[in-house]
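Asker: Structure incoming, see below.
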Amino acid sequence: MSMATEFKEFIARGNVMDLAVGVIIGGAFATITKSLTEDIIMPVVGWLFGGADFSKYFIRLGAIPEGFEGSVESYADLKAAGVAMLGWGEFLTVLINFVILAFVIFLMVRSVNRMMAKPTAEEVPAAEEVPSEDVLLLREIRDALKSKG
């Protein structure tokens, strides 16, 4: 079997295609979750905490380089200049984003598990047992002996 044929069989398997679709949908879902966090949840959280924007909270560890042309209050400007910082506000934003994403995935998996749940023994009607050939043969012998005797 040639390598091209093997590769074609590998790609044609359903699980590979499902994985590809999952990666694409996951990327789109991450974008939606990021927007939900940054554009809806974090502004509300910021408003609740007095207009705080968590992504701008940081602790500067290094010196500001000479010729710096940005705001010393801007995390993005300092980061672009290569200043060493602890961006704890940005980390908090990413952490909240993760928790939201994990919760939404939990809800999705939970829903799918409920839809795919196997019925319990009470929900499934008992199937009639089909006797084996040996049992059928023994029954025929018994019935034949009864009719002769």
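What follows is calculated from the coordinates using simple rules that are stated; it is not laboratory data. From a predicted model like this one, the values you see are computed outputs, not experimental measurements. As a convention, Cβ positions derive from the backbone with ideal geometry for all residues, glycine included, and neighbour counts pool all protein chains shown.
Asker: Dipole of the stretch 3-125, Cα-centred, from +1 at each Lys and Arg C-beta and -1 at each Asp and Glu C-beta, to the nearest 20 debye?
Answerer: Here the stretch 3-125 has a charge dipole of around 340 debye.
Asker: Right, something else. If you take the charge dipole of the chain about its Cα centre, with +1 on Lys and Arg Cβ and -1 on Asp and Glu Cβ, which of ILE32, MET42, MET116 is farthest toward its positive end?
Answerer: MET116
Asker: Please compute the alpha carbon radius of gyration of the chain, then divide it by the globular-protein estimate 2.2 N^0.38 Å. Two decimals is fine.
Answerer: Numbers: Rg = 32.5 Å, N = 149, 2.2 N^0.38 = 14.7 Å.
Cα-based Rg divided by the globular estimate yields 2.21.
Asker: Another question, then. Using the Cα centre of the chain as origin and beta-carbon charges of +1 (Lys, Arg) and -1 (Asp, Glu), tell me which of SER147, VAL99, GLY87 is placed farthest towards the positive end of the dipole.
Answerer: Positive-most Cα among the choices belongs to SER147.
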